[in-house]
1. Tally up the carbon and sulfur contribution to the accessible surface of the range 84-152 as a whole percent, 1.4 Å probe, everything protein left in place.
2. Return one whole number: the accessible area per residue of the range 66-220 in Å², for a 1.4 Å probe.
Amino acid sequence: MPINAVNTTSATGATASGRANLVSNFETFLQLLTTQLKNQDPLSPLDSNDFTAQLTQMAGVEQQLLTNDLLQALVNQGSAGLDGAVSYIGKFVTAAGSATRLDEGAATWSYELASNAADVRLEVLDSTGAVVWSGEAPSNDTGVHDFSWDGRTSAGTQLPDGGVYTLRVAATTSGGQAVESQILIRGVVSGVEMYDGRPYVTVGGSIVPMSQIISVNAAAPASDDADDGAQGVIASAVDLAKDLLNPVDEIAALAGALNPLRLL
């Protein structure tokens, strides 16, 4: 016997039709019950057991309506979540995030500066929040810049592949004032997955929530390291940057998302 795939449109239509029937039956039931109570014989009122049974039936109808609503929400979530994320595959994206996996002795991030800085320091943190490497940033100019870490600690020890690390940036002016900055994940989306009901995209060694994607391009844009006049993305992403997780929490979220893929 052939088994056909479930069509989302037909499933949605069937759910809506079933809910409409239940709503109609529910309203009819309330009208009949109200009429029965108004016209009952005062000398022989409705038996309490019968009344309780009817109330139980009404509660059952309400539960059916709620179940239909929840099923409809699941259908909509599955369709919009994963289907929407699939459209990102092969596109170059920029996402707000700082956690990535060390793979083949390399981990890459991007950092953005809102203005020119006199001093920019970068720090790589492990899963416990401890700093394993620190040093000067490759560029202090306004805009987005790429940074690649070779997996070596400040003491020169080569760390094994598979660990999840975060990057932290601290930028200041010549007067010691802080320069607004953020860490970004940039690259081509190679895969998508649903984790805990949320769509995630795979970008290099990172898995980030689709909600943290700031921009999408058909191809990689020119780096600010080659074009200092290129416009950054801080102006359009300040609110999102303020809501980012701290490094330790972000590592835990990424590790949980990576675990089903057995990358950690």
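1. Details: 1140 of 2690 Å².
Roughly 42 percent of what the probe reaches on the range 84-152 is carbon or sulfur.
2. Here the per-residue accessible area is 45 Å².
The values are calculated or read from the model by the stated rules, or taken from the named source; none is laboratory data. Since we're looking at a predicted model, the values are computed, not measured. Each accessible area value is taken on the protein alone, full model and side chains, heavy atoms only, with ligands, DNA and RNA left out. Shrake-Rupley method; radii C 1.70, N 1.55, O 1.52, S 1.80 Å.
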